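Peer 1: Structure provided below as structure tokens; questions to follow.
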Amino acid sequence: MFSPSLLKKFQSVQTPFYYYDTPLLLNTLKTAKRSADKYEIELHYALKANSNKKILKLIKGTGFGADCVSGNEVKRALECGFKADKIVFAGVGKSDEEIRFAIKKNIFCFNCESIDELKVINDIAKSEKKTASIALRINPNVNANTHKYITTGLEENKFGINLWELESALSVIKKSSHLKLIGLHFHVGSQITDLTVFKTLCIKVNEIMEWFSNRTIFIENINLGGGLGVDYYNPDKNPIADFETYCSLFRKFLKVEPGQKLHLEPGRAIVAQCGSLIAKVLFVKKGVQTNFIILDAGMTELIRPALYQSYHKIENLTGAKRKESCKYDVTGPICESSDCFGKAVDMSETKRGDLIVIRTTGAYAESMSLDYNLRDRAKAYLAEDL
Ligand SMILES: Cc1ncc(COP(=O)(O)O)c(C=O)c1O
């Protein structure tokens, strides 16, 4: 997975650190863009997955727009060269300051998540003497069949405007002199590996589009959000997600009218596989029934296992050739029992000082990192930095 010379470089770097395989990232970007272009879909990369500046510049350079969920993400996207007219801004709780900032920057579209938000954006746009372009983020009540914490498109979730509120939303928009309705937005969840979920979404979106066309409202932009999953179990076998099937599904199942444009907002599928978290073994502890590996990386560098009980492949990089293998609970140093990356993980015999890799950590790792326990922030390196 890593060449001996790269491994040697890893041994001279302060752990823990994030490592990003730039050639794989570029390959992924090219693959995603090729499929999107083929099906005439515009891509907006979801910054929340990874907002590392060097990575953002590469993503921007491949022709992506940006999907942001905070004013600071909008600011970061602009700093990294994304054009304002390719930036969409979602989020269930945008502050007045964030809205004002994005209006001043003339972003492409606000994905509005409530009727009250429509009113606030209109008032702020009026005070800035501007018109804000908006899309209604609609909660389609479609089950993403993924972990409950990354399911967003059910009525019980806080996101989006519910179907029964659409009439009221339209009447607010009609009365709002500084809003322009340019689209509809949907995002039903993340790490979706059962692609029939997207087909179900398309069928639901078709019904919703009909509702609008019955009211003679033309919707120019349809944004289907992100959510394409990656293979956490076999990162070497499936390093690039199936963008071809993903993009083709929307063209196949959506009833798109002439003049309508499609947009997607992938995050995880773009960056997850190119990232690795490299950590050092501080201690190996014998427990009553379990042996523990204590790493110098913890939930502060990768919170997904603690937050979502998610799986990441873990491998011993420097002790891989040892014959004995053993089952370990691989944990971090943080004062929380949930600070555990994997239970009963089969690994070659592991010793203090070994380098360990936690795979598929390009998405929702560095961007979710914390300084809990007053930990130093881990550094991040792209392939060309080492
Ligand atoms: C509105 C929106 N768009 C896009 C994404 C990106 O999702 P993913 O990383 O699963 O592609 C998210 C993630 O939660 C989101 O909330």
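Peer 1: All but one of (1) touching a helix residue (DSSP H, G or I) at 6+ places or on another chain (Cβ under 8 Å); (2) closer than 28 Å to residue 20 by Cβ hold for residue 249; which doesn't?
Peer 2: (2)
Peer 1: Of the residues that make up segment 235-257, is at least one outside the structural domain of residue 379 (by TED's automatic domain parsing), within 24 Å of residue 163 (Cα to Cα) and within 13 Å of the ligand (Cβ to nearest atom)?
Peer 2: no
Peer 1: Quick one: in segment 299-357, which of the residues that are without any contact (Cβ under 8 Å) to a residue 40 or more places away in the chain and of a type in the set (Asp, Glu) is farthest from residue 236 (Cα to Cα)?
Peer 2: 336
Peer 1: Being surrounded by fewer than 18 Cβ atoms within 10 Å (Cβ to Cβ), in contact (Cβ under 8 Å) with a residue 60 or more places away in the chain and farther than 23 Å from residue 241 by Cα narrows it down to one of 92, 88, 120, so name that one. Even if it seems obvious, please write down each step before you answer.
Peer 2: Details: 88 fails: surrounded by fewer than 18 Cβ atoms within 10 Å (Cβ to Cβ); 120 fails: in contact (Cβ under 8 Å) with a residue 60 or more places away in the chain.
When all the criteria are applied, what remains is 92.
Peer 1: Here is a further query. Report yes if residue 360 is surrounded by 14 or more Cβ atoms within 10 Å (Cβ to Cβ), β-branched (Val, Ile, Thr) and on the phi < 0 side of the Ramachandran plot, otherwise no.
Peer 2: No, not satisfied.
Peer 1: Check residue 330 against each of (1) over 20 Å from residue 379 (Cβ atoms); (2) touching an Asp or Glu at 6+ places or on another chain (Cβ under 6 Å); (3) β-branched (Val, Ile, Thr) and name the one condition it does not meet.
Peer 2: (2)
Peer 1: Which of the residues spanning segment 363-384 are without any contact (Cβ under 8 Å) to a residue 40 or more places away in the chain and either within 12 Å of residue 334 (Cβ to Cβ) or assigned to a helix (DSSP H, G or I) (or both)? Show your work before the answer.
Peer 2: As a first pass, look at segment 363-384 and keep what is without any contact (Cβ under 8 Å) to a residue 40 or more places away in the chain: 374, 376-377.
If the condition is that a residue be without any contact (Cβ under 8 Å) to a residue 40 or more places away in the chain and either within 12 Å of residue 334 (Cβ to Cβ) or assigned to a helix (DSSP H, G or I) (or both), then 374 is the only one that fits.
Peer 1: Further question on the same structure: Across segment 63-83, which residue is surrounded by the fewest Cβ atoms within 10 Å (Cβ to Cβ) among those that are within 24 Å of residue 159 (Cα to Cα) and of a type in the set (A, V, I, L, M, F, W, C)?
Peer 2: First, pick out the residues of segment 63-83 that are within 24 Å of residue 159 (Cα to Cα): 65-77.
In the following step, the residues that additionally are of a type in the set (A, V, I, L, M, F, W, C) were identified as 66, 68-69, 74, 77.
Values: 66: 30, 68: 29, 69: 19, 74: 23, 77: 29.
The residue in question is 69.
Peer 1: Would you be able to say whether some residue in segment 98-117 is polar (S, T, N, Q) and surrounded by 15 or more Cβ atoms within 10 Å (Cβ to Cβ)?
Peer 2: Let us first name the residues in segment 98-117 that are polar (S, T, N, Q), namely 106, 111, 114.
Going one step further and asking which of them are surrounded by 15 or more Cβ atoms within 10 Å (Cβ to Cβ), we end up with 111, 114.
Within segment 98-117, one or more residues are polar (S, T, N, Q) and surrounded by 15 or more Cβ atoms within 10 Å (Cβ to Cβ).
Peer 1: Now for a different question. Applying the selection to segment 25-50, what residues are of a type in the set (S, T, N, Q) and buried (at least 22 other Cβ atoms within 10 Å of the Cβ)? Walk me through it before giving the result.
Peer 2: Step one: filter segment 25-50 for residues of a type in the set (S, T, N, Q), giving 27-28, 31, 35, 50.
Scanning segment 25-50 gives 28, 50.
Peer 1: Determine which member of the set 355, 374 is more than 16 Å from residue 19 (Cβ to Cβ) and modelled with pLDDT of 95 or more.
Peer 2: Working: 355 fails: more than 16 Å from residue 19 (Cβ to Cβ).
That would be 374, the only listed residue that is more than 16 Å from residue 19 (Cβ to Cβ) and modelled with pLDDT of 95 or more.
Peer 1: Here's something else I'd like to know. Considering only segment 310-337, state which residues are modelled with pLDDT of 95 or more, part of a loop (DSSP other than H, G, I, E, B) and under 24 Å from residue 191 (Cβ atoms).
Peer 2: Listed by number, the residues that qualify are 310, 311, 312, 313, 332, 334.
The values are calculated or read from the model by the stated rules, or taken from the named source; none is laboratory data. Predicted model, so just to flag it, every value in this text is computed and none were measured. Here Cβ is always computed from backbone atoms with ideal geometry, including for glycine, and neighbour counts include all displayed protein chains.
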